Amino acid sequence: MIRIESVTKRYPDGTVAVDRLSLEIPDRSITVLVGPSGCGKTTTLRMINRMVEPSEGTILLDGQDIQRQPVTTLRRSMGYVIQNAGLFQHRTIVDNIATVPRMLGWGRQKARARAAELMERVGLDAALAKRYPYQLSGGQQQRVGVARALAADPPVLLMDEPFSAVDPVVRKGLQDELLRIQDELGKTIVFVTHDIDEAIKLGTMVAVLRTGGHLAQYAPPAELLAGPADAFVEDFLGGDRGIRRLSFFPSGALELTAGPVIPLDATAEQIAAPDAPFLLVTDADGRPLGWSEPGDLAAGDIRPDRLLSHGRPFVPGTDSLRVALDCAVLSPTGWAVAVDTDGKVTGVVSQQTIGEAIRSAHAAGRAHDEVAG
Ligand SMILES: Nc1ncnc2c1ncn2[C@@H]1O[C@H](COP(=O)(O)OP(=O)(O)OP(=O)(O)O)[C@@H](O)[C@H]1O
Ligand SMILES: [Mg+2]
């Protein structure tokens with residue numbers, strides 16, 4: 001575990017970048033430092049690997065004061081990834097990734113084998129190994145940066161806005177990749193960003209800093225969204241935190257109804273039976289085709305060309321209440337379509353039922369807070 005104990009950084013010109021910051025960074029999880037520009041995120045991160053020395057306070061790594069360790073030993077245990085990857089432009093991708101192992105005295109072959117293994121792990125095509133950084137896209141370069149930081153298998157990864165220079169789609173891919181890597185490798189990751197959505201998506205714990213290097217709040221993302229400590233944190237979280245909090249509630253307990261679901265070859269009897277305002281029509285495999293108004297189904301004739309779009313379905317248990325609600329909001333009928341992992345319809349659920357589930361999830365959350373607090 002990394003423990004930051006009452007650390008202050010005063011730069012020579014008198015700027016207080018970090019002010020009496022205390023944080024416990026748990027092992028094998030992602031801790032995100034988030035806050036506006038200039039609030040001391042980079043300074044904090046660099047104090048952890050001693051690229052910046054604190055003016056006051058102590059940082060402990062597994063109980064040991066990092067000041068008492070040789071810098072080289074310390075840095076070897078910490079990979080470092082920065083914005084734009086910071087690759088060596090005159091070295092090939094494979095040699096970039098193999099840099100630290102080579103420095104540690106590994107043979108060329110072993111270091112390159114390790115680099116190849118890491119390229120696969122971070123989702124880089126082996127064909128890119130011989131290229132130079134300028135021949136890669138920004139997103140690919142960031143992946144190389146992550147692979148390079150992982151090369152010597154350090155227990156700690158320090159990441160300073162690693163994904164902020166790439167477009168939103170590539171960025172989402174890199175975030176998903178990082179979560180997968182974290183899951184597989186169990187690294188202790190300290191991740192800096194100024195993007196609160198990125199913080200909420202990636203963080204096991206999120207530290208919100210404010211200008212002057214003050215800690216405003218340190219909590220798991222769901223807790224942050226449920227109870228911002230003050231107006232600054234609330235403002236920083238943005239206007240729709242209630243909706244975003246729904247990402248942390250599972251949809252598995254939603255009560256689905258199969259009544260309004262009918263196959264395309266349904267009999268007139270089947271069609272006449274349900275008293276729902278709309279019917280969801282499925283194909284022979286049970287996959288959704290679209291919504292039909294009962295009026296259109298008169299005489300047992302379902303016209304596939306007249307169906308309304310069923311929108312995006314959700315997978316109960318896998319998707320959150322936020323996704324389920326979104327499906328219902330986007331649906332022309334106000335009902336969300338639930339499917340299993342094969343895409344077969346398991347039922348439908350109304351906005352009203354989802355609303356009830358949200359209220360009971362909130363009530364359960366409050367009860368949990370009362371027990372815990
Ligand atoms: N070497 C330095 N000398 C003097 N002041 C510095 C130095 N490095 C950073 N600062 C100041 O310390 C404060 C915190 O800087 P830091 O880089 O840690 O912020 P940050 O949160 O990473 O910001 P950003 O989101 O813009 O990257 C800022 O006011 C900055 O101007
Ligand atoms: Mg910074």
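The values are calculated or read from the model by the stated rules, or taken from the named source; none is laboratory data. Owing to the predicted nature of the structure, the values given are computational and were not obtained by experimental measurement. Backbone-built Cβ (ideal geometry, glycine too); neighbour counts: all protein chains shown.
Things worth noting here:
Yes/no per residue for (1) within 11 Å of ligand 1 (Cβ to nearest atom); (2) more than 18 Å from LEU224 (Cα to Cα); (3) surrounded by fewer than 22 Cβ atoms within 10 Å (Cβ to Cβ):
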position	(1), (2), (3)
VAL7	no, yes, no
ASP13	yes, yes, yes
VAL18	yes, yes, no
PRO26	no, no, yes
GLY38	yes, yes, yes
MET51	yes, yes, yes
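- Of all the residues in the range 265-283, those that are modelled with pLDDT under 90, under 20 Å from VAL339 (Cα atoms) and out of contact with any Pro (no Cβ under 7 Å at 6 or more places or on another chain) number 2.
- Qualifying residue in the range 70-83 (condition: within 16 Å of ligand 1 (Cβ to nearest atom) and aliphatic (A, V, I, L, M)): yes
- Count of the range 158-216 residues which are within 16 Å of ligand 1 (Cβ to nearest atom) and assigned to a helix (DSSP H, G or I): 4
- Residue in the range 53-69 that is surrounded by the fewest Cβ atoms within 10 Å (Cβ to Cβ), counting only those that are within 16 Å of ligand 1 (Cβ to nearest atom) and among the acidic types (Asp, Glu): GLU53
- Candidate set from the range 32-64 (those that are under 18 Å from TYR80 (Cα atoms) and hydroxyl-bearing (Ser, Thr, Tyr)); member that is farthest from ligand 2 (Cβ to nearest atom): THR44
- The set of residues in the range 226-237 that are closer than 13 Å to ALA199 by Cα and either part of a loop (DSSP other than H, G, I, E, B) or under 17 Å from the mean Cα position of the chain (by Cα) (or both) contains only LEU237.
Table: residues versus (1) assigned to a loop (DSSP other than H, G, I, E, B); (2) more than 25 Å from LEU179 (Cβ to Cβ); (3) touching a strand residue (DSSP E or B) at 6+ places or on another chain (Cβ under 9 Å).
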position	(1), (2), (3)
ASP13	yes, yes, no
VAL18	no, yes, yes
LEU21	no, yes, yes
ARG28	yes, no, yes
LEU33	no, no, yes
GLY38	yes, yes, yes
THR42	no, no, yes
PRO54	yes, yes, yes
THR72	no, yes, no
